[in-house]
Amino acid sequence: SGPDRSIRSLSTETGDMLRLSRARTPSAQMACPRDGVLLARRGYIFARPLSQAAAQPQFDFPLVRRELFEAWSRAEARTVSGRAARQATYCNFTYLDAERLYASNSVSWHWLDREMSSNFAGETGAVAIYHGALSAISLRAAFAPLPETARTFAAAHMEAEGQHLALLENTVPVSKRTRLLPAWRTAGWALGFLPTLVCGAPGLYRTVASVESFVEEHYQQQIIPLSKSGECPELVRLLTHCCADEVHHREDALKQLPPGAGGPVAWAWGALVKTGSRVAAELARRI
């Protein structure tokens, strides 16, 4: 392959830095959808393509995917025992070889890969939370109807979370997604269904506020170091957009809570939800 597609030899000074030449576009080996998506799996349907969503900012998905790939390449190159480093030492290891390795299921995950896996799981669970809440609202209609504002709240937020999931569908390779997604869907649905069924609209709003408080922290733990280092600017823009929406969801939920809706029980439930979210996010980083 030509000089613009090759990986140069390891640095003789450090022995651990793999120098990748730049490529104009990432390989199709990353296997992510390129444009707007129609999500119709697991009963969740979001019919608006990303390119046609009026309030949806436009992101350069190929650039985000390249940023993720190059972040992985740099991290892998710094690993003395890294597979890519060994291959680059002993054979002609090309840029396309690195892309295929990145897309495989056997390669190591580094910090940003783990965080993006957790993000994907979180948005999957968020959609399921609102789907579960809407199921509870429909069930309660027969014996204890909730205000229509609760259904509107859940439906609007579910659409927004579906847009976030669509963004990540377009950026996170399949090989970099947690294997626990079925558990996330089930747990998310239960987390939306049970509080709404038992406690009504206040239970839904308190749960959403607690989840979104954690999600804001989770996104900021990625946005801040990436911004400081200057790495992955388009990814930072995407994460900042998602984080801003989550903050809005939290504030909207808190605004909907009636006066006096707090108390020890509400505080304990919120703490339990946040703790569970942290544990679940950590599992999504590892499995």
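Per-structure values
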| item | result |
| --- | --- |
| Filtered residues of the range 246-259 (kept if crowded, with 20+ Cβ neighbours inside 10 Å and in contact with a His (Cβ under 8 Å, 6 or more places away or on another chain)) | His249 |
| Pick from the range 68-100, criterion open to solvent by 20 Å² or more (accessible area, probe 1.4 Å) and within 23 Å of Ser227 (Cβ to Cβ), ranking: modelled with the lowest pLDDT | Arg78 |
| Every residue from the range 179-201 that is of a type outside the set (Gly, Ala, Ser) and crowded, with 20+ Cβ neighbours inside 10 Å | Trp184, Arg185, Trp189, Leu191, Phe193, Pro195, Thr196 |
| Candidates Ala266, Ala209 - the one that is crowded, with 21+ Cβ neighbours inside 10 Å, assigned to a helix (DSSP H, G or I) and among the small types (Gly, Ala, Ser) | Ala209 |
| For Ala155: the one exception among (1) open to solvent by 50 Å² or more (accessible area, probe 1.4 Å); (2) within 23 Å of Asp252 (Cα to Cα); (3) among the hydrophobic types (A, V, I, L, M, F, W, C) | (1) |
| Contacts under 8 angstrom Cβ, first residue in the range 223-250 being within 30 Å of Gly203 (Cβ to Cβ), partner small (Gly, Ala, Ser) and open to solvent by less than 60 Å² (accessible area, probe 1.4 Å), 6 or more apart | Asp245/Ala160; His249/Ala160; Arg250/Ala209; Arg250/Ser213 |
| The range 166-216, residues that are within 16 Å of Gly276 (Cα to Cα), touching a Cys at 6+ places or on another chain (Cβ under 9 Å) and of a type in the set (A, V, I, L, M) | Val215 |
| Conditions (1) open to solvent by 10 Å² or more (accessible area, probe 1.4 Å); (2) in a helix (DSSP H, G or I); number of the one not met by Leu239 | (1) |
| Some residue of the range 164-175 being open to solvent by 40 Å² or more (accessible area, probe 1.4 Å) and free of Cβ contacts under 8 Å to residues at least 60 places away in the same chain | no |
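The values are calculated or read from the model by the stated rules, or taken from the named source; none is laboratory data. A quick note: this is a predicted structure, and the numbers were derived from the prediction, not measured. Don't worry about glycine lacking a Cβ; one is built from the backbone with ideal geometry, like all the others, and counts go over all protein chains shown. Please note that ligands, DNA and RNA were not included when accessible areas were found on the heavy atoms of the full protein model with its side chains. Shrake-Rupley method; radii C 1.70, N 1.55, O 1.52, S 1.80 Å.
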